[in-house]
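**Student:** What follows is a structure written as structure tokens; I'll ask about it next.
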Amino acid sequence: MRQRINTRFANCLLAIGLFGLVPVGAQAQAANDKWQWELGVYGWVPAIGGATSFPSGASASIDVSARDVIDALKMTFMGQIEARKGQWGVWSDVVYADLGGSKDGSRDFTVGGHPVGASANLGLDVKSTVWSLAGIYNLTSKPENTTDLLFGARMLNMKQTLNWSLAGSVPELPTRSGQASVDGTNWDAIVGLKGRYYLGAERKWFLPYYVDVGTGQSKLTWQINAGVGYTFDWGSVVATWRYLDYNFKSGDALQGMNMNGALIGVAFQF
């Protein structure tokens, strides 16, 4: 069974989206007429929380630690690209993750004096994509710091599938199985700031930051990402902590979601 999540326009980006936004975008020190590009890849392993209501009336509470995310991870991709010319530019970030897990259980009991065995299996699969696309405008470009204004949209697509099966060792307990799923896509408009604050005379070390807020098909979404980084001739590396939160409208199948954890990224400039 499937149900599209029908919410109002604007699911602002969630990492994470698996995602995710990492503040490693090119930070131009001065306006430049040439195109500047930066390609970044990163790993973000967040704890995940939230709640979902399935069409059958069943509900599932999501509370997954970062360690469990690693154990349940089937496939993931996280990256971003930025292009700028002068004070203007465009920036995009994508997080895709496929998580899955299952639990088995059994119990022996007696029916009419005869031993009977029963077993159950429950599995949950979660596929999520968080994609952000935004224009950027450089507000400040000084040797010690840079600040960019960003404005755009974020898309969250999430599919959750719940599978179950029950089996017994006697005909009176026949095998039963079923599946319920929720599949929805949200779009949100977002606005935010990102930048760097450089440390020391050499300005190799820096403090990157990113913050956004938005609304649309979700009631409210916001994100913050900050940490420390180091620059090289070819680009930079960062280590940050990222938090992405979604608050959905009352009555939506997907009731809420948050992603919270450490991020490590590398960016190449050309």
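The values are calculated or read from the model by the stated rules, or taken from the named source; none is laboratory data. Note that the structure is predicted; figures quoted are calculated from it, not measured. Heads up, the Cβs are rebuilt from the backbone with ideal geometry, glycines too, and the neighbour counts pull from every protein chain shown.
**Student:** Any idea which of LEU193, LEU244 is surrounded by fewer than 19 Cβ atoms within 10 Å (Cβ to Cβ), at pLDDT 90 or above and among the hydrophobic types (A, V, I, L, M, F, W, C)?
**Tutor:** On the way: LEU244 fails: surrounded by fewer than 19 Cβ atoms within 10 Å (Cβ to Cβ).
Exactly one of LEU193, LEU244 is surrounded by fewer than 19 Cβ atoms within 10 Å (Cβ to Cβ), at pLDDT 90 or above and among the hydrophobic types (A, V, I, L, M, F, W, C), namely LEU193.
**Student:** Let me ask something additional. Considering only segment 205-216, I want to know if a residue exists there that is out of contact with any Leu (no Cβ under 9 Å at 6 or more places or on another chain), part of a strand (DSSP E or B), surrounded by 15 or more Cβ atoms within 10 Å (Cβ to Cβ) and not β-branched (Val, Ile, Thr). Talk me through it step by step, then tell me what you get.
**Tutor:** Of all residues in segment 205-216, those out of contact with any Leu (no Cβ under 9 Å at 6 or more places or on another chain) come to 208, 215-216.
Next, from what is left, pick out any that are part of a strand (DSSP E or B): 208, 215-216.
The next check asks that each one be surrounded by 15 or more Cβ atoms within 10 Å (Cβ to Cβ); those that pass are 208, 215-216.
Those left that are additionally not β-branched (Val, Ile, Thr): 208, 216.
Checked against the condition, which is being out of contact with any Leu (no Cβ under 9 Å at 6 or more places or on another chain), part of a strand (DSSP E or B), surrounded by 15 or more Cβ atoms within 10 Å (Cβ to Cβ) and not β-branched (Val, Ile, Thr), segment 205-216 yields at least one hit.
**Student:** Are any of the residues in segment 136-147 in a strand (DSSP E or B), at pLDDT below 95, among the aliphatic types (A, V, I, L, M) and out of contact with any helix residue (DSSP H, G or I) (no Cβ under 8 Å at 6 or more places or on another chain)?
**Tutor:** No, the conditions are met nowhere in segment 136-147.
**Student:** A follow-up question, please. TYR230: part of a strand (DSSP E or B) and either farther than 18 Å from MET158 by Cβ or of a type in the set (D, E, K, R) (or both), yes or no?
**Tutor:** Working: part of a strand (DSSP E or B): yes; either farther than 18 Å from MET158 by Cβ or of a type in the set (D, E, K, R) (or both): yes.
Yes; evaluated as a whole, the condition is true for this residue.
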